[in-house]
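Reading through the structure tokens given below for one structure.
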Amino acid sequence: MTTQAGIDVTIYPGWFDVYEYGNYQYMGSESGDCHAYIYSGETKTCTITNDDIY
């Protein structure tokens, strides 16, 4: 299993969506905080886990 460090991103308060594109050899599953509303000063964590399909 390979684990890769994440990327910290600062965004403005409001709705946000996190997606992964172009990874057709894997089936991705996302944690609950990948599509949510964020308030000023709040921190959220989105985790995308890939599982090989071939």
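The values are calculated or read from the model by the stated rules, or taken from the named source; none is laboratory data. Since the model is a prediction, treat every value here as computed from it, not as a measurement. We place every Cβ from the backbone using ideal geometry, glycine too, and count neighbours over all the protein chains shown.
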Taking Asn50 and the conditions (1) assigned to a loop (DSSP other than H, G, I, E, B); (2) touching a Gly at 6+ places or on another chain (Cβ under 9 Å); (3) not hydrophobic (A, V, I, L, M, F, W, C), which numbered condition does it fall short on, given that it satisfies the others? (1)
Of everything in the range 12-44, what is surrounded by 10 or more Cβ atoms within 10 Å (Cβ to Cβ) and β-branched (Val, Ile, Thr)? Give them in sequence order. Val18, Ile38
Looking across the range 15-54 at residues that are over 21 Å from Ala5 (Cα atoms) and of a type in the set (A, V, I, L, M), the single one that is modelled with the highest pLDDT is Ile38
Working only within the range 1-40, note down all residues that are touching a Gly at 6+ places or on another chain (Cβ under 9 Å), part of a loop (DSSP other than H, G, I, E, B) and among the hydrophobic types (A, V, I, L, M, F, W, C). none
